[in-house]
Every structure is written in structure tokens, then in C-alpha cells.
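Only one structure is covered here, and it is reproduced in the block below.
The values are calculated or read from the model by the stated rules, or taken from the named source; none is laboratory data. Remember, it's a predicted structure, so these values are computed and weren't measured experimentally. Neighbour counts run over all protein chains shown; Cβ positions are idealised from the backbone, glycine included. Protein only, heavy atoms only, side chains kept; ligands, DNA and RNA dropped before computing areas. Shrake-Rupley method; radii C 1.70, N 1.55, O 1.52, S 1.80 Å.
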Amino acid sequence: MKLPVASCVPGEPDDLVQALTAAGIRDERLLEAVRTTPRAAFVPAGEPAAAYLDVPVAIGQGQVTTQPSLSALMIEGLDLRGSEHVLEVGTGLGFQTALLARLAADVVSIEIRPDIARQAHMNLARQGVRNVELRVGDGSGGVPDRAPYDAVLVSAAFPEVPEPLIAQTVPRGRLVQPIGPGGQEEVVCFERTASGLARLRVLTGACFVRLQGRYGFPPDEAEPP
């Protein structure tokens, strides 16, 4: 009798789906997006074993990917229905971007580090993700020439929401951002109102890198003290 051959694949998308479900994610469209988006295609070549674990992955230049369950929690907070024009601040290697692209009409994603943005562009192209416009630049100021946005997701921390991001969000649009000094944040879901932003709820506590840029931390203060 031949023994079954063990799979050489360190994990599968369904492993992430199970982790997200255990973390409280209930949006079926989001869970299906995770199931059909191979995270292994969005991690560095030396990190395949971590692709389907619910853990952040180092991507170089002092940056890490967002933990999948945390990313899903933030995306779920945007309450996407499929027709939205979305701004993402902090592309990373593109996994979160790909999820947003599956859930919204289109995504404008801005990444401050050219090398990381270049890799994200290749990752997205290889997966056939066509409804993403990837920019390189200062995400703290948003992308005004493509505004306004129905939803904004910020993957870096600052003590307040930068004013340009508020201005670029449509009335009643959602914005999710880690609020804090970098390293210890509350991830907050906001709604744009006539007078600015209304805090809807705190989604979770988390640790994020600092938001760099004109409306964030200057480069010499990029690392938390």
C-alpha cells in the first residue's frame, strides 16, 4: 500500500479564511476575495512558509505587511459594496491592494518607497489585477488629482487623520486609519460629515509603522521612539 504523499505547499488560502473567520470577519465577499487571492504571490521569495499564516511578513526597508486578519478587519470597516472608488495609502507588496480591487470598482494606491512599489506593481500584474492605479509618492497628502474617494484606507499611523485625506473623502464616505504615535495604535473607522470626520468605532488595537510625509512624520522621525 502506498502512503499518501504529504503536500509540499506550506499552506493554502483556506487556512487564511479560517483564521479570518476565527478573528470575527463575517463579510462573505471579503472572505471569498481572500480565498481567491494567493498571498504567496505577494510575499518575498524567501517567505513562502509565512504566506498562509495569519502573521505580518517583513518586506525590507524596515517595513512589514499588515497581518491578514488586521487587514481584513480594516477593509471590512470600509463597508465596500462593489461600486466604490478607493484610495489606499501604503501599498506594501500589494496583497491588501488586490483584496480592495476585488471588492471595489477601482483602487488608487500610493506607496512612498519606489522599490516596494515596483515589486507591488509586478505582483499585481502577474495576478491580472487591472483596476489598480499605483502611484509612488507622499501618501499623507493623498492623491488629489484622482479625488474624491468613496473610501480611504491608511496603513500607517499618525496621531490624527491628515487634512488632505479628509478633504478627499466624499460625504458619508468611510476612512480607516491607525491613530497613534506609531507602535501602539487604535485602528479607527471614521465617516466623512459636513463638518469633518465622525468617529464611528474603534476596530481594534494594533502596532503600525509611522505615516511619513508632509502631513505625517518627517523622515528623521519615521521610527517610533
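Remark: spin-label model distance Ser83-Glu28 equals 2.1 nm, labels positioned 7 Å along the Cα→Cβ axis. Summary value for region 63-144: 30 percent relative contact order, contacts being C-alpha pairs under 8 angstrom separated by 6+ residues.
Protection proxy ranking of 155-161, 139-145, by the mean of other Cβ atoms within 10 Å over each peptide's residues and highest first, is 155-161, 139-145. Extension gain for Glu186-Arg201 works out to 4.4 nm (0.36 nm per residue, less the C-alpha to C-alpha distance). Between Ala194 and Ala167, the distance separating the two model label sites (each 7 Å from Cα on the Cα→Cβ line) works out to 2.1 nm. Give the percent of DSSP beta bridges with both residues in region 103-225 that are antiparallel, rounded to the nearest 5. Antiparallel: roughly 55 percent of the beta bridges in region 103-225.
With each label point set 7 Å from Cα along the Cα-Cβ vector, what nm distance links Glu133 and Asp106? Taking the two extended label points, one gets 0.6 nm. The value of relative contact order for the chain, using C-alpha pairs under 8 Å at least six residues apart, is 14 percent. Per-atom-type breakdown for region 102-150 gives carbon and sulfur 48% of the accessible area (1.4 Å probe, protein chains only). Note on the chain: percent of Cα-Cα distances in each 10 Å bin, starting at 0 and stopping at the bin with the largest distance, equals 8, 35, 39, 14, 3, 1, 0, 0. Averaged per residue, region 9-137 has 42 square angstrom of accessible surface, using a 1.4 angstrom probe with ligands and nucleic acids left out. Each Lys and Arg Cβ is given +1 and each Asp and Glu Cβ -1; about its Cα centre, region 138-225 then shows a dipole of about 400 debye.
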